[in-house]
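The block underneath contains the structure these notes are about, expressed in structure tokens.
The values are calculated or read from the model by the stated rules, or taken from the named source; none is laboratory data. Just so it is clear, the model here is predicted, and its values are computed rather than measured. Every residue, glycine as well, gets a Cβ built from its backbone with ideal geometry; the counts of neighbours run over all protein chains shown.
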Amino acid sequence: MWYDEDAWTLLVQGHNYYTYFNYYILDADGDCQLSGGIGGGTELIDLPALDPGLCTLRLVAPGGDTFEGTFTVH
């Protein structure tokens, strides 16, 4: 995962084993700011303007496997 604060984008590297993920962007309060679906490869997600603080990217694969990563909005 790579966050570009100037362009408001998040680059997500998927996993070869999975062909699809549902994603959720949670703000510092745990509120969902954006959700959608991405393929299992590398995807670029355009983000809304997020409030400063720690945000979480949650990926949920078919079958319920869940992966999380965090990034900080300044």
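At a glance:
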item: Whichever residue in region 21-34 is more than 18 Å from Ala7 (Cα to Cα) and in a loop (DSSP other than H, G, I, E, B) and, among such residues, is modelled with the lowest pLDDT; result: Ala28
item: Within region 1-60, considering residues that are touching a residue at least 60 places away in the same chain (Cβ under 8 Å) and surrounded by 15 or more Cβ atoms within 10 Å (Cβ to Cβ), the one farthest from Val73 (Cα to Cα); result: Leu10
item: Tally, over region 35-74, of residues that are farther than 15 Å from Glu5 by Cβ and touching a Leu at 6+ places or on another chain (Cβ under 9 Å); result: 10
item: Residue count, region 55-74 (criterion: of a type outside the set (Gly, Ala, Ser) and assigned to a loop (DSSP other than H, G, I, E, B)); result: 3
item: Residues of region 63-74 satisfying the condition of being surrounded by 11 or more Cβ atoms within 10 Å (Cβ to Cβ) and not aliphatic (A, V, I, L, M); result: Asp65, Thr66, Phe67, Glu68, Gly69, Thr70, Phe71, Thr72
